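Please treat every number below as a calculation from the coordinates, not as lab data. Note that the coordinates shown come from a computational prediction; the quantities given were computed from them, not determined experimentally.
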Amino acid sequence: MFKMGSILSFMFILGLSRSGFAQNDAGLAAPMYSWTDLVINMTTPQVGPVNGTLGASYVLLSSMSASESTLGKVVIGCTTFVIHSHPRGTEQSMVLQGPLTIGYMFENGTSSNTTVQTGEFMVFPEGIFHFQSNQGCETASFAISFPVSDPGTMPATVAFAAIPESLQMLFFNHTFISMSAASAVGPFVEDAACVTSCQQAAAASASDEGAGRRRELLQAIGRQSYLGGRMMK
């Protein structure tokens with residue numbers, strides 16, 4: 001004979017298998033989260049898209065209420081994601097499609113940059129200015145995450161322009177940038193040298209492909225002529 005505990009366990013498992021969640025009519029609490037809390041379909045860019053010569057660059061971001069964190073994806077093509085920092089959260093990233101050039105600007109005035117490949121991870125500590133750049137002809141992308149729901153983003157151009165022009169003149173004896181000029185600088189800056197190099201490479205590849213097709217055509221004509229001559233004999 002089944003014990004009462006075994007019967008109740010079976011009913012509980014059956015309820016889970018049918019619905020995916022415990023049922024209220026079984027005397028259990030309602031699920032803490034709904035599917036809309038757990039699965040987010042990010043389709044609308046929060047930044048961009050910025051249409052470049054070789055493709056669009058954009059940022060997808062979603063605040064995940066279930067974990068009080070932020071997840072996203074960044075796509076860049078022959079472009080640099082402008083130098084920026086996150087004042088309220090550390091960014092952790094993984095390269096989905098590389099390579100990428102990344103750089104850091106530290107508080108002691110030093111800087112460093114390196115190249116990361118597909119599958120590699122990156123960390124950009126809270127408040128540290130950094131950038132990501134795609135110097136290749138194929139679109140690059142990386143996934144991003146923050147342990148907070150609102151990490152904030154401070155472009156270096158805006159941070160510098162926030163210094164009043166009178167103080168810029170006082171400190172540097174020169175006015176570098178106004179807020180209006182800084183605001184005009186978008187999140188993605190296309191690399192003209194990269195675009196030119198990729199266009200030249202594409203043109204050379206097309207030329208080589210055309211030459212290859214001409215060779216194949218001439219070879220085919222030659223074979224036909226040879227076979228025709230053999231048949232005339």
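For segment 47-190, the percent of C-alpha pairs falling in each 5 Å distance bin, counted from 0 to the bin holding the largest distance, reads 2, 10, 17, 21, 21, 15, 9, 5, 2, 0, 0. Extension gain for the segment Leu38 to Glu107, taken as residue separation times 0.36 nm less the Cα-Cα distance, is 21.1 nm to one decimal. Taking all Cα pairs closer than 8 Å and separated by 6 or more residues, the relative contact order of segment 47-190 comes to 30 percent.
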